[in-house]
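A.B. asks: Okay, here's the structure, questions in a sec.
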Amino acid sequence: MAQRLTSIAIEYRQKLVLLISVMMIFFIIGAVSLYQLRQSITILDQNYGTSVFSMFQLKLELRRFYDSLSLYRSAPGPQHFDEVNKRYNLLWSRFPVLMEGEDGKRLRNVENAENTIAKAFETVKSLDDSIVNRLATEPEYSTRIQQILQPEIDALDGLALQNFYRTNAIINSNDSRVISLQQQLILLMSGIIFIGIMLLLMIIRESRLNRHQAEHDSLTGIPNRAYLKREITRYCEKKKPFALHLIDLNGFKDVNDTLGHHIGDTLLQSVSDRLAQNIDQLYGCLTCRLGGDEFAIIQPAIRSSNSLNIIADKIIQLFETQFTIDQHSCFIGASIGTVLYPEHGTDVGSLMTRADIAMYKAKEQAVNSRQMLFNFDMDVQINRRQKLHTDLREALEYKKLQLVYQPIVDLKNPRVAGLEALLRWNHEIYGAIPPLEIIEIAEKYSLANDLGKWVIAETCRQLQEWRSGGFKPLPVAINISPSMHQLDLAGIINKSLEQHNLPKGLIRIEVTEDTSMRILKETQDMLPGLSRHNISIALDDFGTGLSSLSHLQQLPIQTLKIDRSFISKIAADHTSSRLVKNIIGIGHDLGMKVVAEGIEDIIDVELLTAYQCDYGQGYLFSKPLAPQLIPDCCRQLEATSAELITYVI
Amino acid sequence: MTQWIIALLTTCTVAFSVAAAPLPEPEGAVILSVTGNIQNTQDGKTARFDLAQLQAFQSDTFTLQTRWSDDIHSYHGPLLSAVLDYVGAKGEHLRLTALNDYSIEFDRHYMEKYEPIMAWSEDGKRLSVREKGPLWLILPHHKFPELNGELHTGRMIWQLTKIEID
């Protein structure tokens, strides 16, 4: 397990490193691409200025001026002289733009350009006087001007070309740089696409892994509940018969508790290995772990009920061999609940639930291992339980429950000492429901408190009714169930008595040993609290269950009720009679009163009286009776018991 | 039929009397001629202007640095659109020509947004031919940054003398 975790951690770290590297490369490539694009844009955005154009314009004007001079010389006249002047002015105007502004700035980068232009401009400016003053009268002077200009023409021609080539070279080199940048960009983009694909693959792999993890058990590595449900759904859709075996290990909890979780986990791995190797591989089944010590096996392709048994037997057989974990021998069994598609259900929910029911049935009967095939009788039981649950709630609400009362007779004086209230529920469908089942359902579905409160209220009401009917109220013992420790029982009882104007002490509590121990576990103070509030406690069914004499020491009880199983045998069985005699003795020694339950024979009364038993209860005196019959019964009993007791004495 | 001819003649007469108001002759040296699809001329073909006439139009001053200069200067002159309106220009396309026959072209709607001027003075001093005069078309690229590109500044023709409209 630890190794597994370490390897998972290493794998996780490797994945993280890979992911970080890939992301780093991605970001680096992205950043470089952006930088390169930016560079390309800068290059493409560059303007090369108009200096080439301006230089050629200058050359053009120079040439035109030069030609105008030639024209004027060959045909002197004011018109051609004006033309010379105009050309001269235009030529003049071309110089400043090459010395200032953006064109000037660019030309300054060309070697010697500034000087060449300045010198030429100076030369042109120097002609101003001679053109105005000399050329008008001396057309031949134009030759001289042309001679003066010639070196400048040559120099400017050279400069214009030089500037042109230079600008061209910049353009060309920029073009080639842009091209190489774009080519690099192609590489980078390919890189990005590659990384994108890698990331995609990683995501796909990861999601596959996740899916595998989501559908597999981390401890055993076999499919889990989610996977099983998906498979069952898939099989249901195929509409071909298959079986589902639900396996719950017997005795696993003990292994876990005694040998520790480490051994428990290893045992679960061994079980899953054994199942997978022997069932899955040999019979083409699918073993899943549902969690805890629950496994499930899907058995596809059911041909006969025999093939169902083969698998079930095989599973049971697998558990017959002990598991050896770290030199510990572990014997565990399996309770197997089997359902068949489509007989027992056509969807995951019903199949799983019914397999569960069958599995619990198997568990009830299991010694070591046991398999049960689901049948609908099982479902009926479950349905009954569910129906009773909903109906109990309703019964409580609509007062469909009844209390019957059984007299408790004083064996020493001819009188009825009290009554025990017993719960009755006559269900519309299922008839009389045993009180134990009512309590069990109430406990299971959190109705116990409501039930308890109802019993108290109903008893008080009944006592009041009897009193108004002229029947003197007798103490009534009511039974309480384990979860009633949550209630302020003393408060409720006394308040209820008060409401009905009844004296304290009329309600007594009967509690079984098991219940009392459970209550003690939860709340130390509840049972002593009852005594303090003048509510007497009787220990019911004494001698059955996990009886321990130490209970008598721990519990604040005033009365001991000896279970009917002892009483019924006292006449015939010497041991029973000795036991009863001694229980009575112990009870008395501890200051308790003793009640004998289940008296059915006059001989019992004889013996019990001889043993000094205080009270008796049973069919000999009266069966539990509806409340309206109690007053008469009690009167009659007091009359007859006087006779009885007299007779016995 | 007669009625038709009379109606047509009347229309023509009215149109002619509106269109043919001759422009005053320039008194000084002509520095700008406008030709083409225009209504108001001196001789039926050309509208000619001396400096004094141009100074009479609605004018503007742009203080900016052109790309041919190292400094900021103030340029002043009439709005090109004012002159075109005055000559009753109908065309949508303009061709502007300089003294050295360099010319540029643009559509008339270009002016509606930018309202360029034909500067005749720089920093209050009249532009000579040597200083890119007599007229220099200046775009207000100090107000409209989009005019700073070479495409637009290339339209700032100097030594402007002729405008043709069609």
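A.B. asks: Just checking, which of B:LYS132, B:LYS125 is of a type in the set (Lys, Arg), within 18 Å of the chain's Cα centre (by Cα) and modelled with pLDDT of 90 or more? If you could, list the steps in order and put the result at the bottom.
C.D. replies: Numbers: B:LYS125 fails: within 18 Å of the chain's Cα centre (by Cα).
The conditions single out B:LYS132.
A.B. asks: Quick check: is even one residue across the range A:314-322 crowded, with 21+ Cβ neighbours inside 10 Å and touching a Pro at 6+ places or on another chain (Cβ under 8 Å)? Show your work before the answer.
C.D. replies: Taking the range A:314-322 as the starting set, the residues that turn out to be crowded, with 21+ Cβ neighbours inside 10 Å are A:315, A:319.
Now drop any that are not touching a Pro at 6+ places or on another chain (Cβ under 8 Å), which leaves none.
Scanning the range A:314-322 turns up no residue that is crowded, with 21+ Cβ neighbours inside 10 Å and touching a Pro at 6+ places or on another chain (Cβ under 8 Å).
A.B. asks: Output the helices (runs of 4 or more DSSP H) that fall wholly within the range A:439-547 and possess 1 or more residues being modelled with pLDDT under 85, or say none. Lay out the reasoning, then the answer.
C.D. replies: Details: elements: A:448-468, A:489-499, A:513-522, A:526-532.
Ranges flagged: A:513-522, A:526-532.
A.B. asks: For the range B:110-128, give me each residue that is open to solvent by 40 Å² or more (accessible area, probe 1.4 Å) and within 13 Å of chain A (Cβ to nearest Cβ).
C.D. replies: The answer is B:GLU122, B:SER128.
A.B. asks: Residue under question is A:LEU90, and the condition is that it be more than 9 Å from chain B (Cβ to nearest Cβ), out of contact with any His (no Cβ under 7 Å at 6 or more places or on another chain), assigned to a helix (DSSP H, G or I) and open to solvent by less than 10 Å² (accessible area, probe 1.4 Å); does it hold?
C.D. replies: Numbers: more than 9 Å from chain B (Cβ to nearest Cβ): no; out of contact with any His (no Cβ under 7 Å at 6 or more places or on another chain): yes; assigned to a helix (DSSP H, G or I): yes; open to solvent by less than 10 Å² (accessible area, probe 1.4 Å): yes.
It is false that A:LEU90 is more than 9 Å from chain B (Cβ to nearest Cβ), out of contact with any His (no Cβ under 7 Å at 6 or more places or on another chain), assigned to a helix (DSSP H, G or I) and open to solvent by less than 10 Å² (accessible area, probe 1.4 Å).
A.B. asks: Which of the residues that make up the range A:514-534 are within 11 Å of A:SER481 (Cα to Cα) and over 35 Å from the mean Cα position of the chain (by Cα)?
C.D. replies: In the first step, residues of the range A:514-534 are kept if they are within 11 Å of A:SER481 (Cα to Cα); the result is A:514-516, A:518-519.
Those that are within 11 Å of A:SER481 (Cα to Cα) and over 35 Å from the mean Cα position of the chain (by Cα): A:ASP514, A:THR515, A:SER516.
The rows are residues; the columns are (1) touching a helix residue (DSSP H, G or I) at 6+ places or on another chain (Cβ under 9 Å); (2) open to solvent by less than 50 Å² (accessible area, probe 1.4 Å); (3) on the phi > 0 side of the Ramachandran plot.
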| residue | (1), (2), (3) |
| --- | --- |
| A:ASP514 | yes, no, no |
| A:ARG518 | yes, no, no |
| A:LEU527 | yes, yes, no |
| A:HIS533 | yes, no, no |
| A:ALA538 | no, yes, no |
| A:SER550 | no, yes, no |
| A:LEU555 | yes, yes, no |
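Here is a yes/no grid of residues against (1) more than 14 Å from chain A (Cβ to nearest Cβ); (2) open to solvent by 40 Å² or more (accessible area, probe 1.4 Å); (3) without any contact (Cβ under 8 Å) to a residue 24 or more places away in the chain; (4) touching an Asp or Glu at 6+ places or on another chain (Cβ under 9 Å):
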position: B:ASP101; (1), (2), (3), (4): no, yes, yes, no
position: B:ILE104; (1), (2), (3), (4): no, no, no, no
position: B:ARG108; (1), (2), (3), (4): yes, no, no, yes
position: B:HIS142; (1), (2), (3), (4): yes, yes, no, no
position: B:GLY149; (1), (2), (3), (4): no, no, yes, no
position: B:ILE157; (1), (2), (3), (4): no, no, no, no
position: B:LEU160; (1), (2), (3), (4): no, no, no, no
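A.B. asks: Restricting attention to the range A:11-23, which residues are of a type in the set (A, V, I, L, M, F, W, C) and surrounded by fewer than 11 Cβ atoms within 10 Å (Cβ to Cβ)?
C.D. replies: Answer for the range A:11-23, where residues must be of a type in the set (A, V, I, L, M, F, W, C) and surrounded by fewer than 11 Cβ atoms within 10 Å (Cβ to Cβ): A:LEU16, A:VAL17, A:ILE20.
A.B. asks: Return yes when A:GLU61 is open to solvent by 60 Å² or more (accessible area, probe 1.4 Å), of a type in the set (Asp, Glu) and within 14 Å of chain B (Cβ to nearest Cβ) and no when it is not.
C.D. replies: Values: open to solvent by 60 Å² or more (accessible area, probe 1.4 Å): no; of a type in the set (Asp, Glu): yes; within 14 Å of chain B (Cβ to nearest Cβ): yes.
It is false that A:GLU61 is open to solvent by 60 Å² or more (accessible area, probe 1.4 Å), of a type in the set (Asp, Glu) and within 14 Å of chain B (Cβ to nearest Cβ).
A.B. asks: Among A:PHE26, A:PHE81, which is the only one that is within 60 Å of the chain's Cα centre (by Cα) and either not aliphatic (A, V, I, L, M) or not assigned by TED's automatic domain parsing to the domain that holds A:SER180 (or both)? Can you show your working first?
C.D. replies: Numbers: A:PHE81 fails: within 60 Å of the chain's Cα centre (by Cα).
A:PHE26 is the lone residue from the list that is within 60 Å of the chain's Cα centre (by Cα) and either not aliphatic (A, V, I, L, M) or not assigned by TED's automatic domain parsing to the domain that holds A:SER180 (or both).
The values are calculated or read from the model by the stated rules, or taken from the named source; none is laboratory data. Bear in mind the structure is a predicted one, so any value in this text is a computation, not a measurement. All Cβ positions, glycine included, derive from the backbone under ideal geometry; neighbour counts span all protein chains shown. The accessibility values were calculated without ligands, DNA or RNA, using every heavy atom of the protein model including side chains. Shrake-Rupley method; radii C 1.70, N 1.55, O 1.52, S 1.80 Å.
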